[in-house]
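The values are calculated or read from the model by the stated rules, or taken from the named source; none is laboratory data. Bear in mind that the values here come from a model prediction, so they are computed numbers and not experimental data. Neighbour counts run over all protein chains shown; Cβ positions are idealised from the backbone, glycine included. Calculation scope for accessible area: heavy atoms of the full protein, side chains included, ligands and nucleic acids excluded. Shrake-Rupley method; radii C 1.70, N 1.55, O 1.52, S 1.80 Å.
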Amino acid sequence: MKPLALLLSAIGLGSVAAARVVTPPAAVPQSLHIGDWTDWSDERPGPDSARVAILLGAMGSTDAAVCEMLSDQLGNFWFSGGEFGIGRLADARVAARAARDSLSGRLRDPAAIALVTERLASDDPCVRRTAARLLGRSTAPDAALARLVADANPRIREAGLLAVGTHDRPDLRTRVESALTDREAGVRAMAAWALGSLEDRTSVDALTPVLRDPDVRVRTNAAWALGAIENPRAVSALLPLLRDGDVGVRATTAEALGDIEAIEAAAPIEQLLERDADRRVRFAAIEALGQIESPSSAEPLARVLEAGDAELALAAADALGSLDNLRRAPAALMRAASAPDPRLRRSAIDALSSIEDPASADVLIAAVSDAVPDVRRQAIEALGSMEVVQATAAITRALGDSDPEVRRAAVEALADIEDR
C-alpha cells in the first residue's frame, strides 16, 4: 500500500466514510477580526489532510456544476467572524465555519500537500483543478512544483502549471516558458495562462511566437497573458490576431490590447467594432476602446448608441465617458440622454458629465425633469460638477422633488454653482 493510502487509512479517510469526518475548529489568530481589510489569507491556519480529503471527496461525488462553483470560490471566502457570527443564523455550525475558513488559508500540512499532489492525476477535471489551486497556495517548495511541470503525465503537467499560476512563483518562470512548446495543447495553453498570472514583462518574447499556435485555446491564452503583462512591446504581435479566424481569439486580443492601453491599436479595434459579425467581439472591442481612451474612438462608439443593440449601447456610453481629452460630446450621445431606455439615459448623462462639453448643458437641464428619479439626480449632479449657471432655475425647482436623493443632489449642485 502507498504511504499516502496508509495515511488515509490510518485517519479513516480511505472510503466514502470520509465525508462524515468533521475537522475541529482551527485556532483563530487574535489579529483576525471583522472589518479588518488586511489580506490575512497567508497567515490563516490552512486545512489539514482530513479537511482536504473531505473537500475533494465531496467535490468528486457531487453534481459537476456544483463542483465547478465550489472550485471557483475556493480561497474567495471572507473570514466568518469567529464566535460572533455576524449575519449568521442562530444555530449556525461554528465548527463548519471554522473548517470553511481554513480553506482560505495556506496549505501547510505535509500530508495535505501530499494528498492534493496525488489528486493532480484525477480523472475528474474539477477535482484536479481544485487540488492544483490548493497546491498553488501551499508551502510546497518550488522544486516540487517544477517536477510536476516536467511530469510524464500531461494531466499532471497541466495541473502543475495551474498551481504555479495560482500563487506567485516567479522563480519558476523559465520552467513555465519551456512548457510553451509542450506537445500537448492543453499544457501549452495553461503555460501561457500561468505566465500571464506571473506578469513578468520578460515573458513577452516567449509568448509572442505562441500567438501563431495552431490550437485556438493556446492562442487565446497567449493573447490574454500578453494583455495581463501589459508590456507595450507585445502590441505589434497582437494586432494581427484581430483578424484571427476564431471569435474568442479576436475578443481576447481586443481586451488584451485594451489592458495594454495601446493607442496604436485603437484604429484596428475600431474597425473590429464596426465590422465583426460576432456580438462578443464587439463587446470586447468597446471595452478595449474605453480602456485605451483615445479620443479618435468617439465616433465609432457613438454610432453604436443608435445601432439598435441596447446592451452594446450601454457599453459604448460607458466607454465614451472614459475617453481622454474629448472636448466635444458626440451628437448621438446627447440624443441618448433622452433615449427610451432609462439605463441608457443614465449612462449617457454620466458620460456627458465626464466630457464636460458646454454644448450638452441644455440636454442635461432637460433631464432634470426626467420621469425616473435616478436620471433626474444624475443630471443634477452633472450640472453641479460642470457648474452650469443657467441650470440654477431648474435645479432650484428640484428642491421640491418627491425623491429625497434628488433634493439632496439639488442642494449640493446649487452650492457647487454658487462657489463657481
- Task: Among the numbered conditions (1) open to solvent by 30 Å² or more (accessible area, probe 1.4 Å); (2) touching a Phe, Trp or Tyr at 6+ places or on another chain (Cβ under 8 Å); (3) not polar (S, T, N, Q), tell me where Ala192 comes up short.
- Result: (1)
- Query: Looking at the range 281-324, which of its residues are among the polar types (S, T, N, Q) and open to solvent by less than 60 Å² (accessible area, probe 1.4 Å)?
  - Reply: Gln291, Ser294, Ser297, Ser322
- Query: Can you tell me which residues in the range 58-67 are assigned to a helix (DSSP H, G or I), open to solvent by 40 Å² or more (accessible area, probe 1.4 Å) and over 16 Å from Ser102 (Cβ atoms)?
  - Reply: Gly60, Ser61, Ala64, Ala65, Val66
- Message: Among the residues of the range 354-396, what is the count of those that are of a type outside the set (D, E, K, R), within 19 Å of Glu418 (Cβ to Cβ) and open to solvent by 20 Å² or more (accessible area, probe 1.4 Å)?
- Response: 9
- Message: So if I check each of Ala132, Ala114, which one is open to solvent by less than 20 Å² (accessible area, probe 1.4 Å), in a helix (DSSP H, G or I) and not acidic (Asp, Glu)?
- Response: Ala132
- Query: In the list Val176, Val247, Val216, Val187, which residue meets the criterion of being more than 22 Å from Arg157 (Cβ to Cβ) and of a type in the set (Val, Ile, Thr)?
  - Reply: Val247
- Message: over 29 Å from Ala316 (Cβ atoms) and touching a Leu at 6+ places or on another chain (Cβ under 6 Å): is that true of Ala415 in this structure?
- Response: no
- Message: Among (1) at pLDDT below 95; (2) under 33 Å from the mean Cα position of the chain (by Cα), there is one condition Arg335 misses while meeting the rest; what is its number?
- Response: (1)
- When you go through (1) modelled with pLDDT of 95 or more; (2) in a helix (DSSP H, G or I); (3) open to solvent by 60 Å² or more (accessible area, probe 1.4 Å) one by one for Gln271, which number turns out not to apply? (1)
- Of all residues in the range 126-184, which are closer than 19 Å to Ser203 by Cα and among the β-branched types (Val, Ile, Thr)? Val149, Val164, Thr166, Thr174, Val176, Thr181
- Is one or more of the residues making up the range 223-242 open to solvent by 20 Å² or more (accessible area, probe 1.4 Å), of a type in the set (S, T, N, Q) and without any contact (Cβ under 8 Å) to a residue 12 or more places away in the chain? yes
- Query: Out of curiosity, is Arg345 open to solvent by less than 40 Å² (accessible area, probe 1.4 Å) and out of contact with any Leu (no Cβ under 9 Å at 6 or more places or on another chain)?
  - Reply: yes
- closer than 18 Å to Ala185 by Cα and within 21 Å of the chain's Cα centre (by Cα) - does that describe any residue in the range 122-143? yes
- Take the range 174-184 and flag every residue that is out of contact with any helix residue (DSSP H, G or I) (no Cβ under 6 Å at 6 or more places or on another chain) and not polar (S, T, N, Q). Arg183
